[in-house]
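Visitor: The structure is given below, and queries will be raised subsequently.
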Amino acid sequence: MSPLRKIATFGTAAVVALAMLAAPASAKKPVSADAFSYIAQIDCGSGPLEVGSTDDMWAPLVDLRTGKKLKPIAWKVSGEGFSVDEAVAEPKRHSAVCSYDDGVATGTVTVKKA
């Protein structure tokens, strides 16, 4: 093997090793439920997710397992003595209607897909 080829092989191996070390640092981490007013179950069609929700209904819903944020664009929920049917945007191609249940309110939330 020529010296130039050895250097190129070593350089490639070094880049791959550094990328493998950096990957876990950039992965999203679980989020504490203590940071949220409500813990809800949502299902957008691919199975239930447990998300954190605040008193601000337009704040992102945060997947407690992955930290991924979902941006609500419409709510259609109700509970004892109240109902909410609000939207900040019309559902578009890049949105999903999800079932929503936080123990106080149940119905649907439409989220913008990332």
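What follows is calculated from the coordinates using simple rules that are stated; it is not laboratory data. Just so we're clear, the structure is a prediction, and the values are computed from it rather than from any experiment. For neighbour counting, all protein chains shown are included, and Cβ atoms are generated from backbone atoms with ideal geometry for every residue, glycine included.
Visitor: How much length is gained if the chain between residue 69 and residue 35 is pulled fully straight, taking 0.36 nm per residue apart and subtracting their Cα-Cα distance, in nm to one decimal?
Guide: This chain segment gains 10.8 nm when fully extended.
Visitor: Sticking with this one: If the viscosity is 0.890 mPa s and the temperature 25 °C, what translational diffusion coefficient in µm²/s does Stokes-Einstein give for region 33-112 when Rh comes from Kirkwood over Cα pairs?
Guide: Calculated translational D: 196 µm²/s.
Visitor: Further question: Specify, per residue and in Å³, the volume enclosed by the convex hull of the alpha carbon atoms belonging to region 67-114.
Guide: Taking only Cα atoms, region 67-114 has a hull volume of 67 Å³ per residue.
Visitor: Out of the trypsin sites (Lys or Arg not before Pro) in region 79-114, which ones are loop residues according to DSSP with at most 11 other C-beta atoms within 10 Å?
Guide: Sparse-neighbourhood loop trypsin sites (Lys or Arg not before Pro): 92, 93, 113.
Visitor: Taking residue 68 as the anchor, which aspartates and glutamates have their alpha carbon closer than 15 Å to its alpha carbon, excluding any fewer than eight residues away along the same chain?
Guide: Of all the aspartates and glutamates, those that pass the test against residue 68 - Cα under 15 Å, at least 8 places apart if same chain - are 43, 50.
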